[in-house]
1. For n ≥ 4 DSSP H runs only, could you compute -39500 (n - 2.57) per run for the protein assembly as shown, divide by its residues and tell me the 222 nm figure to the nearest 500?
2. Please give me, ordered by residue number, the GluC sites (Glu not before Pro) of region B:20-74 that lie in loop per DSSP and have at most 12 other Cβ atoms within 10 Å.
3. How much length is gained on full extension from residue B:87 to residue B:45, taking 0.36 nm per residue of separation minus their Cα-Cα distance?
4. Give the Rg (one decimal place) followed by the Dmax (whole number) of region B:3-141, computed from C-alpha coordinates and expressed in Å.
5. Sort the following peptides by mean Cβ neighbour count (other Cβ atoms within 10 Å, averaged over residues), highest first: B:79-87, B:8-16, B:62-70.
6. How long are the semi-axes of the equivalent ellipsoid of chain A, defined as square roots of 5 times the Cα gyration tensor eigenvalues? Whole Å, largest first.
7. Cα atoms only: what Rg and Dmax, in Å, come out for region B:158-212?
8. According to the Kirkwood expression over distinct Cα-Cα pairs, how big is the hydrodynamic radius of the protein assembly as shown, in Å?
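Nothing in this text is a laboratory measurement; each read-out follows from the coordinates by a stated rule. Quick caveat: nothing in here was measured; it's all calculated off a predicted structure. Here Cβ is always computed from backbone atoms with ideal geometry, including for glycine, and neighbour counts include all displayed protein chains.
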Amino acid sequence: MPVRILLVDDHPIVRQGLRTLLEGRSGWEVVGEASDGIEALDKVQTLQPDVVVLDVTMPGMNGLEACRLIQRRQKTSGLEVLFVTQHDSPQMMREALDAGARGYVVKSNAARDLLEAVEAVSQHRVFTALARSPHASC
Amino acid sequence: MKVRILLADDHEIVRRGLCSLLQKHEGWEVCGEASDGREAVEMAKHLKPDVVIVDIGMPHLNGLDTTRQLLQHDPQFKVIVLTITDSDQVIREALDAGARGFVLKSDAARDLVSAVEALQSKRMFFTPRVNDLVLAGFLEKGHAISRNEPPNLPTLTAREREVTQLLAEGKSSKEVATVLNLSTKTVETHRSNIMRKLSLHSIRDLVVYAIKNNIIQIQMPPRIHRTEETTVA
């Protein structure tokens, strides 16, 4: 199933790593990149991705704020947000899901969890995985 | 002859990004990847890379101590430190540890290739944002680069710094002993010596000390401001 993905992280080297991982999957396309929450809002509007892969800690507008605004503006579009973050914290994960995200994976295990996470959230299933616990998908 | 580069970062995603960036450069080869400092030191001894790129914030053995151990083993190693912070103290410690390059992770896509090229030409490289800071620091204080103990931690041995990091990461003495291939009793002795030398009274004090002295790094979560929708121009 084709999936159009927007990558949002303030580190270009992280975006490059995510891109090499995602573009290995047939039918998946990274349609754009953003380096902060404000740029992300703009690119969601213009590119209409299926999934936004979003970091939490970014300059300007952080990922949680961006997620809330994205979800408020894109209510009927079917777009889903997947957080990929350094914060290996159940509390942060709860904040992310409360902000409207469908998925949450930790950067230290992104190579292990990312593909499965994108697959799940693109089908509107929740996917969460902290570093020390097995993933949950429903 | 290819330039052989060893990467050390605990995030595979970052290593993939670095690999992708470096291997586009003709004549360069990523000869190995390590996910912590200890692994990096062992791999470097075996692979003898031309350049080692180390993340500062790695588990088990941080990037600064990795740099020190690499250069103790072979002063010819050329090390570039990758970091998320450009604080004065971190820069100074990286230089004192013997690093020849200092690149901010946020600028790595722009600066890392230049850094490797500089080191290959026997020059040092600092991400432009810290260049002025480094020069100002050297001119003002007549700072001398030393490859021995870091100035902020004059009383801890290299082994004690290793034990400090592992304890601050939350490992028990038994777990530290396993990582370092020591007896638990030896680790307990190191622990007592560390606490005594630094006048610390609890593990919490030790963690605070380790954070202040860049032995471990933590990332603070963002402040959550729940506001009305922001108007974006």
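1. Values: 15 runs with 168 residues, N = 371.
Value at 222 nm, helices only, nearest 500: -14000 deg cm²/dmol.
2. Those satisfying the criteria are B:26.
3. So the extension gain works out to 12.1 nm.
4. Cα-based Rg and Dmax for region B:3-141 come out at 13.6, 41 Å.
5. Ranking, from highest mean packing down: B:62-70, B:8-16, B:79-87.
6. 18, 17, 15
7. Cα-based Rg and Dmax for region B:158-212 come out at 10.0, 28 Å.
8. 21.9
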